[in-house]
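One structure is given below, encoded as structure tokens.
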Protein chains: 2
Amino acid sequence: MRQIPMIIDCHGHYTTAPRQHEGWRNEQIEAHKAGKPPPPRPRMTDDEIRETIVGGQLKVQRERGTDLTIFSPRAAGMGHHLGDASTSEAWASACNEVIHRVCTLFPKNFIGVAMLPQSARVSPKNCLPEIDRCVNEYGFVGINLNPDPSGGHRQDPSLSDRYWYPIYEKMVEHDIPAMVHVSAACNPAYHTTGSHYLNGDTVGFNQLMTSSVFKDFPTIKFIIPHGGGAVPYHWGRFRGLAQDAKLGLLTDLVLKNIFFDTCVYHLPGQQLLAKVIPIDNILFASEMIGAVRGIDPETGHHYDDTKRYIDQLPLSAEDKAKIFDGNARRVYGRLSRIIEKQSATAEVSVASLWHREEEP
Amino acid sequence: MRQIPMIIDCHGHYTTAPRQHEGWRNEQIEAHKAGKPPPPRPRMTDDEIRETIVGGQLKVQRERGTDLTIFSPRAAGMGHHLGDASTSEAWASACNEVIHRVCTLFPKNFIGVAMLPQSARVSPKNCLPEIDRCVNEYGFVGINLNPDPSGGHRQDPSLSDRYWYPIYEKMVEHDIPAMVHVSAACNPAYHTTGSHYLNGDTVGFNQLMTSSVFKDFPTIKFIIPHGGGAVPYHWGRFRGLAQDAKLGLLTDLVLKNIFFDTCVYHLPGQQLLAKVIPIDNILFASEMIGAVRGIDPETGHHYDDTKRYIDQLPLSAEDKAKIFDGNARRVYGRLSRIIEKQSATAEVSVASLWHREEEP
């Protein structure tokens, strides 16, 4: 690890993309419903992309003192329940391309993670070419894996099922982790950010915990986002369930392969996370400009300014460096190399950026 | 409140019922599938019921120093996704009758809560006669309301929907709360006690939080079990979501009507719960002989011996008395009266019990 740790936010989505990007998605789905080909993809200039970042995620990085966001397409926008495999493939390709453009324009501040072209009840084998492309051509360092492409109807097999093994093989081949992240709920029982995300996290953990995935892929790594859903709060329950099921100690069972991010939007939750989960398994993240955008009246700061909570935890500098930097580099096996590579190309972009910011 | 508080466990299920009880359920469902009438209900003697309680829930009450369990049929056994409305009605009736027999045999130790004869996509109006019967004839003090009778497919409307209002009207009429508690998952994505229960809690909270239910029924009360699923751990997230949705302060929005039990199976989780949720909204519960039955190697005590965690919390005696006693009496509006009534009939039963325990 470097002597001065970076502050690496491992969970950011491009929620501020130029309007025509999501506009095209709507047109694509409408065309699909009408049995027509999609319209041509919209033009987005570098300046348009720069503007959304400089006034969005980059601005927040600077305000909060974070250095780098591991950045992926908007999670709720993945919409794997819409259209079919071909619409998902075109949409994932478009979304990942936009992420790549952000990472090219701001190479010191953003490194990409791929959205997958999943579709409910379509074998995830169709995702393999897009993973190869994003890793080999774009330098992405991970994927977001949606365990429920049906959007809350749970029509696909459990993550324990060999159905998903082609993805797992590809993850190991490229040394990339998956963040287990659902998309928008189309089942009206669920609120996308209020219950569906958290449930997706809890279910993903539980499915993996009770699986043979870590026996079959000893080096595979998963990040359970949103602080692990309900899992750390119920760590005793899960320890007990593993024990009752004769799966052994939960720590032995999952902690070589499962990691939790810090997208928990109040200090007591962060305190619990750091108390219950070993420091080596916690990765800093905020999902900023995401699910919760307001300012907490109890603190006067944004709910999702999670760095402030971690700064307050009674941890050593070494432990904080693991949460902010070291653990991310270990879990995202390609990350350090890509940081070096993108930094080497960064000076020109940054100069260009500052120049533009000074314009009226 | 009494000067010496009782220790009231508001969340217990009859998981140890005589074998022929669940055996009949299997026969009933098999008969239904075959288009035949169900067999006659099995005979269970008082001695058989006594034996399951004396060696089960009563034994644990004594070992742990709790006084009274608010007791309902086995939650995973409700199985509202099986059969149809008529099988659910017969099964709920049988289950509630057995609970009533336990409460009659051990009137100081058990007070009943009703299982409802719900069925997926069947209007819950069919539950009203069973609620009346359980309250008026059996002296039950609450109901378990399954927000997803489809067992993980979520085929019924949200708890915010007027679909459920007949139940809510009946709750207010009788001054009884509902514990929002799903049953077994039949959707293979979910593990009943590892994810489906916790998700049901989180979803139930979120549905109620974003509803008009508390405007329409200002005195209605719900208990979110299993420590509130993911909610207290993500209290900042929910505060922020309510704020972003312009619903006002979460505390104002839900805390007159929503209460959390303490079925959280490790000390750090209990510490979080007591730190984040006002003491007035926390009800002692263990769900003992339930989801997690083992002994925690880190403490040497049962995971579900939740009284031990609360005993360790840095709370005043007054606050602990609220958690153990006062809050339950407030939330279960009929509870104090039923405690008095059942206590008056208790001496004979207890004498009988002790006599029987001395037998070989």
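Considering only residues in region A:195-210 that are over 17 Å from the mean Cα position of the chain (by Cα) and facing another protein chain (nearest Cβ under 10 Å), the one that is surrounded by the fewest Cβ atoms within 10 Å (Cβ to Cβ) turns out to be A:Thr210. Identify the residue in region B:295-307 that is of a type outside the set (A, V, I, L, M, F, W, C) and within 24 Å of B:Arg74 (Cα to Cα) and, among all such residues, is farthest from the other protein chains (Cβ to nearest Cβ). Here the residue is B:Lys307. For region B:211-233, indicate whether the set of residues that are surrounded by fewer than 24 Cβ atoms within 10 Å (Cβ to Cβ) and within 10 Å of chain A (Cβ to nearest Cβ) is non-empty. Scanning region B:211-233 turns up no residue that is surrounded by fewer than 24 Cβ atoms within 10 Å (Cβ to Cβ) and within 10 Å of chain A (Cβ to nearest Cβ).
Within region B:268-286, restricting attention to residues that are more than 21 Å from B:Asn257 (Cα to Cα) and open to solvent by 10 Å² or more (accessible area, probe 1.4 Å), the residue that is farthest from the other protein chains (Cβ to nearest Cβ) is B:Gln271. In region B:155-167, which residue that is touching a residue at least 40 places away in the same chain (Cβ under 8 Å) and in contact with a Lys or Arg (Cβ under 9 Å, 6 or more places away or on another chain) is farthest from the other protein chains (Cβ to nearest Cβ)? Out of the qualifying residues, it is B:Pro166. Looking at this structure, is A:Val292 touching a helix residue (DSSP H, G or I) at 6+ places or on another chain (Cβ under 9 Å), open to solvent by less than 40 Å² (accessible area, probe 1.4 Å), modelled with pLDDT of 95 or more and at the interface with chain B (Cβ under 9 Å from one of its Cβ atoms)? Yes. On the given criteria, is B:Tyr265 hydroxyl-bearing (Ser, Thr, Tyr), open to solvent by less than 10 Å² (accessible area, probe 1.4 Å), farther than 20 Å from A:Tyr197 by Cβ and facing chain A (nearest Cβ under 10 Å)? Criteria met by B:Tyr265. For region B:314-332, a residue qualifies if it is buried (at least 17 other Cβ atoms within 10 Å of the Cβ) and not in a helix (DSSP H, G or I), and exactly one does: B:Tyr332. Can you find even one residue in region B:140-152 that is open to solvent by 10 Å² or more (accessible area, probe 1.4 Å) and either within 24 Å of B:Ile8 (Cα to Cα) or within 14 Å of another protein chain (Cβ to nearest Cβ) (or both)? Checked against the condition, which is being open to solvent by 10 Å² or more (accessible area, probe 1.4 Å) and either within 24 Å of B:Ile8 (Cα to Cα) or within 14 Å of another protein chain (Cβ to nearest Cβ) (or both), region B:140-152 yields no hits at all.
Among residues of region A:69-88 that are more than 11 Å from A:Ile29 (Cβ to Cβ), those with a Cβ under 8 angstrom from a residue that is at pLDDT below 95, sequence gap 6+ or separate chain, pair up as A:His80/A:Ala120.
Applying the criterion of at least 2 residues that are more than 27 Å from B:Ala285 (Cα to Cα) to the helices (runs of 4 or more DSSP H) found wholly in region B:1-73 leaves B:19-33.
Considering B:Asp201, B:Asp175, which residue is over 25 Å from A:Met209 (Cα atoms) and touching a residue at least 24 places away in the same chain (Cβ under 8 Å)? Let's see the steps before the verdict.
Numbers: B:Asp201 fails: over 25 Å from A:Met209 (Cα atoms).
After ruling out the rest, the residue left standing is B:Asp175.
Total residues in region B:235-262 satisfying the condition of being open to solvent by less than 10 Å² (accessible area, probe 1.4 Å) and over 24 Å from B:Phe324 (Cα atoms): the figure is 6. Consider region A:180-194 and keep the residues that are open to solvent by 10 Å² or more (accessible area, probe 1.4 Å) and more than 9 Å from chain B (Cβ to nearest Cβ). The one that is farthest from the chain's Cα centre (by Cα) is A:Cys186.
The values are calculated or read from the model by the stated rules, or taken from the named source; none is laboratory data. The shown structure was predicted, so the numbers you read here are calculated from the model rather than taken from an experiment. Please note: Cβ atoms are built from the backbone with ideal geometry, for glycine as well, and neighbour counts cover all protein chains shown. The protein model used for the area step is the full one, side chains on, heavy atoms only, and it has no ligands, DNA or RNA in it. Shrake-Rupley method; radii C 1.70, N 1.55, O 1.52, S 1.80 Å.
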